[in-house]
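Every number in this text was worked out from the coordinates using simple rules, so none of it is lab data. For clarity, every value in this text was computed on a predicted model and none was experimentally measured. Glycine also receives a Cβ, built like all others from the backbone with ideal geometry; neighbour counts cover every protein chain displayed.
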Amino acid sequence: MVRIAAINYLNTIPFIYGLEARMAPGTIAMQFCTPAESARMLLEDKADVGITPVAVIPSLKDPHIVSDFCIGATGKVASVLACSGRPIREVKEIRLDVDSRTSVLLLRWLCREKWHIAPRFVPFDFTREPLDPSQCYLLIGDKALLHAADFTFVYDMAEEWISVKHLPFVFAAWTANKPLDSRFIESFNQALEYGIRHIPEAVEKYDHQFPRDYACTYLRDNISFPFDSEKRAGLTEFWRVALEKLTPRECVL
């Protein structure tokens, strides 16, 4: 049985729907988690494959991207945002949602290369403190979708990346920490594709915090699932600029 680390955000609902509908009983065991937990499970060999933040993939001892599908964006992603009470170039501190190292590294790169600022980065526990709309936050996933409207200034980080690099952005890719059987990978990809082709049914089946039409529109218009050649080029460029050019101190989170 293949252990799967599955992120419990709205943007993974089609994947979950496809895996539950199409994978043969007894072939997979899904564990639901945050992006950071998914990465940790792969690093600690507590899962065999997961929808993994791409910044973590080079840290795996034996990484294998096993799917033609990902969590990516070719324009506004809507769920990875810098939200602020003042213009970003006036910000002195950014409170970080550390659920995804990829988003943190992208934010740091944008601060340095596009916005030309050097704010203080502070991890923030969203379970303990309310959001203050006068401050600046990195928000990802459902938190971004729920709270963006509370802020005066909102910067979509996929859109900001694309404006500089003219390449799509990949936030997470299905990655194994060991070789998997080719027949399993084929069935796995067919299941993921099935889920993407049945977004309305997936949205209807699972509990989430959003109106049905809003959820369907987000999944169709903001998330780009195919892991095509353009996204692979974008991922390679992100690895180059974020993992090679940012200093180790900048890459801690």
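A few points about this structure:
- Solvent-free Debye scattering, log10 I(q)/I(0), computed from the Cα coordinates of region 80-167 at q = 0.17, 0.20, 0.22, 0.23 Å⁻¹: -0.63, -0.89, -1.10, -1.21
- Remark on the chain: Rg and Dmax equal 17.6, 54 Å (Cα only).
- Given LYS46/LYS178; LYS76/LYS165; LYS76/LYS114; LYS205/LYS231; LYS178/LYS231, the pairs whose alpha carbons are separated by over 19 Å: LYS205/LYS231; LYS178/LYS231
- Charge dipole of the chain (Cα centre as origin; +1 on each Lys and Arg Cβ, -1 on each Asp and Glu Cβ, all else neutral): 600 debye, rounded to the nearest 20.
- Structural descriptor for the chain: relative contact order 31 percent, calculated from alpha carbon pairs under 8 angstrom and at least 6 residues apart.
- Centre-to-centre separation between the Cα atoms of region 203-233 and those of region 12-46: 17 Å.
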